[in-house]
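A short write-up of the structure that comes next.
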Amino acid sequence: SIGVEEFTEDGTLVVRVELAGVDPDKDIEVSVEDDVLHIGAERREEEKTEERNYVRRELRYGSFHRDLPLPKGSTQADVKASYKDGILEVRVPAPAETSTPAPVKIPIEV
């Protein structure tokens, strides 16, 4: 099974997926559509067993898909993805709070 960690760190959504042995260029896809972050990955493992008279190859396929709502107000440009030591890490910082302007007093004509 594919290990997944999902947490918020200092207002940043962090998703870590254990994906050892994949090619990040070919096997991992991170995209954003309609305020939803899509993470998809395919893992192919080949196991070769040699016994006296035959060689047995076993292919195991694993796929992973996760859809997460983006923090409110964040855009595709905010999404950062990296792959290191078999771990895909996707970070989405929550946008800075937009301060609401102070109410403006409207003069009342008399």
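Output the number of residues of the range 8-18 satisfying the condition of being open to solvent by 70 Å² or more (accessible area, probe 1.4 Å) and not acidic (D, E).
Going through the range 8-18 one residue at a time, the tally reaches 1.
Looking at the range 22-33, which of its residues are under 13 Å from the mean Cα position of the chain (by Cα) and open to solvent by less than 100 Å² (accessible area, probe 1.4 Å)?
Result: P24, I28, V30, S31, V32.
If G62 satisfies all but one of (1) open to solvent by 100 Å² or more (accessible area, probe 1.4 Å); (2) in contact (Cβ under 8 Å) with a residue 60 or more places away in the chain; (3) over 15 Å from the mean Cα position of the chain (by Cα), what's the number of the condition it fails?
Result: G62 fails condition (1) only.
Can you tell me which residues in the range 70-88 are surrounded by 14 or more Cβ atoms within 10 Å (Cβ to Cβ), assigned to a strand (DSSP E or B) and not aliphatic (A, V, I, L, M)?
Answer for the range 70-88, where residues must be surrounded by 14 or more Cβ atoms within 10 Å (Cβ to Cβ), assigned to a strand (DSSP E or B) and not aliphatic (A, V, I, L, M): just Y83.
I'd like to know if the range 95-102 contains one or more residues that are at pLDDT 85 or above, surrounded by 10 or more Cβ atoms within 10 Å (Cβ to Cβ) and under 24 Å from V17 (Cα atoms).
no
Let's see how each residue does on (1) exposed (fewer than 15 other Cβ atoms within 10 Å of the Cβ); (2) modelled with pLDDT of 90 or more:
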site: E6; (1), (2): yes, yes
site: A20; (1), (2): yes, no
site: D35; (1), (2): yes, no
site: I39; (1), (2): no, yes
site: E46; (1), (2): yes, no
site: E51; (1), (2): yes, no
site: Y54; (1), (2): yes, no
site: R57; (1), (2): yes, no
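The values are calculated or read from the model by the stated rules, or taken from the named source; none is laboratory data. Please read these numbers as outputs of a predicted model, since none were measured by experiment. All Cβ positions, even for glycine, are placed from backbone atoms using ideal geometry, and neighbour counts span all protein chains on display. SASA here: full protein model, heavy atoms, side chains in, ligands and nucleic acids out. Shrake-Rupley method; radii C 1.70, N 1.55, O 1.52, S 1.80 Å.
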